[in-house]
1. How many residues are surrounded by 12 or more Cβ atoms within 10 Å (Cβ to Cβ) and part of a helix (DSSP H, G or I) when one looks only at the range 52-78?
2. Residues in the range 58-81: is at least one farther than 25 Å from residue 141 by Cα and either at pLDDT below 95 or in contact with a helix residue (DSSP H, G or I) (Cβ under 9 Å, 6 or more places away or on another chain) (or both)?
3. Among the residues of the range 92-137, which ones are in contact with a helix residue (DSSP H, G or I) (Cβ under 9 Å, 6 or more places away or on another chain) and in a strand (DSSP E or B)?
4. Just to be sure, is residue 116 in contact (Cβ under 8 Å) with a residue 60 or more places away in the chain, surrounded by 12 or more Cβ atoms within 10 Å (Cβ to Cβ) and out of contact with any strand residue (DSSP E or B) (no Cβ under 8 Å at 6 or more places or on another chain)?
5. Which condition number does residue 45 fail, the rest of (1) farther than 17 Å from residue 140 by Cα; (2) at pLDDT 95 or above; (3) under 25 Å from the mean Cα position of the chain (by Cα) being met?
6. Any idea which of 145, 34, 137 is touching a strand residue (DSSP E or B) at 6+ places or on another chain (Cβ under 6 Å) and either at pLDDT below 95 or surrounded by 12 or more Cβ atoms within 10 Å (Cβ to Cβ) (or both)?
7. If we scan the range 82-91, do we find a residue that is out of contact with any helix residue (DSSP H, G or I) (no Cβ under 7 Å at 6 or more places or on another chain), surrounded by 11 or more Cβ atoms within 10 Å (Cβ to Cβ), touching a residue at least 24 places away in the same chain (Cβ under 8 Å) and part of a helix (DSSP H, G or I)?
């Protein structure tokens, strides 16, 4: 009987040590997740792009932020150019973690319909939007904190 109790205790101790050791092997903890999108504005379309952002996109982001679907968003300009295929304007959307992305399209549908009115009206805005800019790159980044 004592042998069984000792064996069980030893196994529990080994499990606890392995759990602590496994955690210590990763030199960072995971943080927020940020979508970074870089756009190239088509010649002569910057006014239309910025008007669309102000009228349609930023209100959506504000609604998502108020609902807790995103933590924050930002817009930024490229102040240097490395060539004709470079990006001009970018934006970020910051989420609490990867789990915040689960089911996100379904969660956003209500906000989109409130903004645009219908799928058809939304499609018209999107068709106009692609005349203003093209996506250069879109990345999903995971923030980390070193331990």
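The values are calculated or read from the model by the stated rules, or taken from the named source; none is laboratory data. For clarity, every value in this text was computed on a predicted model and none was experimentally measured. Positions of Cβ are generated from backbone atoms using ideal geometry, with glycine treated the same way; all protein chains shown enter the neighbour counts.
1. 12
2. Within the range 58-81, none of the residues are farther than 25 Å from residue 141 by Cα and either at pLDDT below 95 or in contact with a helix residue (DSSP H, G or I) (Cβ under 9 Å, 6 or more places away or on another chain) (or both).
3. Once the filter is applied, which keeps residues that are in contact with a helix residue (DSSP H, G or I) (Cβ under 9 Å, 6 or more places away or on another chain) and in a strand (DSSP E or B), the range 92-137 yields 93, 95, 133.
4. For residue 116, the condition - in contact (Cβ under 8 Å) with a residue 60 or more places away in the chain, surrounded by 12 or more Cβ atoms within 10 Å (Cβ to Cβ) and out of contact with any strand residue (DSSP E or B) (no Cβ under 8 Å at 6 or more places or on another chain) - is met.
5. With respect to (1) farther than 17 Å from residue 140 by Cα; (2) at pLDDT 95 or above; (3) under 25 Å from the mean Cα position of the chain (by Cα), residue 45 is out only on (3).
6. Values: 145 fails: either at pLDDT below 95 or surrounded by 12 or more Cβ atoms within 10 Å (Cβ to Cβ) (or both); 137 fails: either at pLDDT below 95 or surrounded by 12 or more Cβ atoms within 10 Å (Cβ to Cβ) (or both).
Going through 145, 34, 137 in turn, just one is touching a strand residue (DSSP E or B) at 6+ places or on another chain (Cβ under 6 Å) and either at pLDDT below 95 or surrounded by 12 or more Cβ atoms within 10 Å (Cβ to Cβ) (or both): 34.
7. no
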